[in-house]
Amino acid sequence: MLRSLVGSEMCIRDRYQRRVRGANSRAMATAQTNYTDGSSNMAKFDNTEKNDCRSRNIIAAKAIADCVRTSLGPRGMDKMVIDAKQDVVITNDGATILKKLQVQSPAARMLVDLSKAQDIEAGDGTTTVVVIAGSLLESARDLLSKLHPTVISRSFRMAADKCVEVLDSMAKPIAEDDYDMMVKICSTSLNSKVISGHSNNLAPMAVDAVQAVTTPGTTYVDLDDIKVIKCYGGTIDDSERIDGIVFPKKASHFADGPTRIKDAKIGLIQFCISPPKTDMENNVVVSDYGHMDRILREEKAYILKIVKEIKKSGINVLLIQKSILRTAVNDLALHFLAKLKIMVIRDIERDDIEFISKATGCVPMASVDALHPEKLGHAAEVAEVTVGTGKVVKVTGIENMGRVATVLLRGSNKMLLDEVERSFHDALCVARCLVKKRFLICGGGAPEVEMAVQLEQYAKTLEGQESYCIRRFAEALEIIPYTLAENAGLQPMEIVTDLRNKHVQGMRHMGINVRKGCVTDMMEEDVVQPLLVDTSAISLATEACRAILKIDDIVPTR
């Protein structure tokens, strides 16, 4: 019996030891498995975090693009922007809308800066470039689940270069003296604005202004040489280009000063006609009436001496620069100038000095000793006239007028007048694009569809990942014709499909006619635009998309 008990105890001990060894081995295996899984989970967590960062950036940028997408094209909607001061702006200009937005996301601010860059480079297409960038980011977001961001970025760069080649092949040269074609191109730019009904008046004015400041044989245009003056009252059709310059202020009426001068000799001074002040804040206390009379006599003699020097130099129209240190001209000086029949225009801004000098030929004079007849400008007439609800001073018949232009815009209210100014600036930029790069291209979504068709053919010649990415790039470009049709109230799927078929058949200039609701030849419809607008939009949108794709983490600093 004892032997049987001992045998049973040994069996139990052996089973226990085998169970312990099995548990230990399973624990070791479990620990090894957990360690391996932990390493892979850390790697997965790292990649997931980077993808989340890219996704957040893409979503923020796509929200900005969706905000302005409905304002694309001639049938696009307008946006009412209300700032902190409760000022209302109604516009469909992409750069203006984005400039007014308060954007927090850094990636979204990149699209705002993208619109500004397009505005500086081409002046038009500010909505198009943001919409294209948003569509490219949407395509890149789908590709990120399969491909590395570097591969996508490299492929997008290849696609953008191919797009520029396609646009160059579609472009047609324009002659330097082809005035009618330049007017048609400016009209196309204005047709997508609130004031599209007045493009027949504003487009020729924009072309005339740009040609007036362009030196023949060069491609440089400085829009600062075109002064745009806004005047309330009247209609947009009352806007005009002035053969001379305009000061948006009244002449001095003190002591019945003159408001119209024939055979004007214009002098521009940068010194004050008022009693001098001390360099520091000091007070002079006068307790004797005799001393007070003496101070007044000295001031009168000081001012009278300056006025006599001005009269001696032959000036009969005096422009006085605005001063921030002391009064530029006081009432006593205005009295003397009026008695001498000298017309006075006060508070000339410092930023306008160069424009006035270039227009009239007068040289700014910084002191009384610099007053010389050869530094004066000459004009046939300087007159104060009533324009709308206010008065302006017109200078016409300027001798040896420089390459400058002045445009007087009219409108019934501030909101409309501001929109007219923004739209006219876009027309000026379009005309400038034609001077910088004398090629035009059709509009109506035709370039984007042609680029998409050509990119698909180009992708078939490539192999691997680049071919797949370029196809997605081509699909992203179709957002422009799709949006044009959608904003015009058409059937976008049917219109874009018909448009693609036309381009596959070789009809490169076919685009969306939003007025007729069908696909027509854009060249025959005179829907044309500068080549620089499209090439700049593709290049800038691609660069912005690549920059966002390269960001894999956001590191805040203090």
Query raised in the report: Which of the residues belonging to segment 197-210 are open to solvent by 40 Å² or more (accessible area, probe 1.4 Å) and touching a residue at least 24 places away in the same chain (Cβ under 8 Å)?
Result: HIS198, ASN201, ASP208
Report task. Scan segment 544-558 residue by residue and report those that are touching a residue at least 24 places away in the same chain (Cβ under 8 Å) and either open to solvent by 10 Å² or more (accessible area, probe 1.4 Å) or among the hydroxyl-bearing types (Ser, Thr, Tyr) (or both). Result -> ALA544, ARG546, ALA547, LYS550, ILE551, ASP552, ASP553, ILE554
Query - Out of PRO481, PRO492, sole residue that is under 30 Å from the mean Cα position of the chain (by Cα) and more than 26 Å from GLU121 (Cα to Cα) - result: PRO492
Query - One residue from VAL392, VAL368, VAL387, VAL382 being surrounded by fewer than 17 Cβ atoms within 10 Å (Cβ to Cβ), among the hydrophobic types (A, V, I, L, M, F, W, C) and more than 15 Å from ILE226 (Cα to Cα) - result: VAL368
Report summary line: If we ask which residues in segment 217-258 are polar (S, T, N, Q) and closer than 20 Å to LYS322 by Cα, their number turns out to be 1
Report task. Hey, can you tell me all the residues within segment 248-260 that are out of contact with any Ser or Thr (no Cβ under 7 Å at 6 or more places or on another chain) and crowded, with 20+ Cβ neighbours inside 10 Å? Result -> SER252, PRO258
Query raised in the report: Filtering segment 221-236 down to residues that are touching a Lys or Arg at 6+ places or on another chain (Cβ under 8 Å) and outside any strand (DSSP E or B), which residue is most open to solvent (accessible area, probe 1.4 Å)?
Result: THR235
Query raised in the report: Here are some residues: ARG403, ARG432. Which one is surrounded by fewer than 23 Cβ atoms within 10 Å (Cβ to Cβ) and outside any strand (DSSP E or B)?
Result: ARG403
Report task. Identify, by number, the condition in (1) in a strand (DSSP E or B); (2) among the charged types (D, E, K, R); (3) without any contact (Cβ under 8 Å) to a residue 60 or more places away in the chain that LYS391 doesn't meet. Result -> (3)
Report task. Within segment 494-512, track down each residue that is without any contact (Cβ under 8 Å) to a residue 40 or more places away in the chain and either open to solvent by 40 Å² or more (accessible area, probe 1.4 Å) or not aliphatic (A, V, I, L, M) (or both). Result -> GLU494, THR497, ASP498, ASN501, LYS502, GLN505, GLY506, MET507
Report task. Could you run through segment 518-543 and say how many residues are in a loop (DSSP other than H, G, I, E, B) and open to solvent by 10 Å² or more (accessible area, probe 1.4 Å)? Result -> 5
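The values are calculated or read from the model by the stated rules, or taken from the named source; none is laboratory data. Small disclaimer: the values here were computed from a predicted structure and weren't measured. Note that we place each Cβ from the backbone using ideal geometry, even for glycine, and neighbour counts take in every protein chain shown. These area figures cover heavy atoms from the full protein model, side chains too; ligands, DNA and RNA do not enter into them. Shrake-Rupley method; radii C 1.70, N 1.55, O 1.52, S 1.80 Å.
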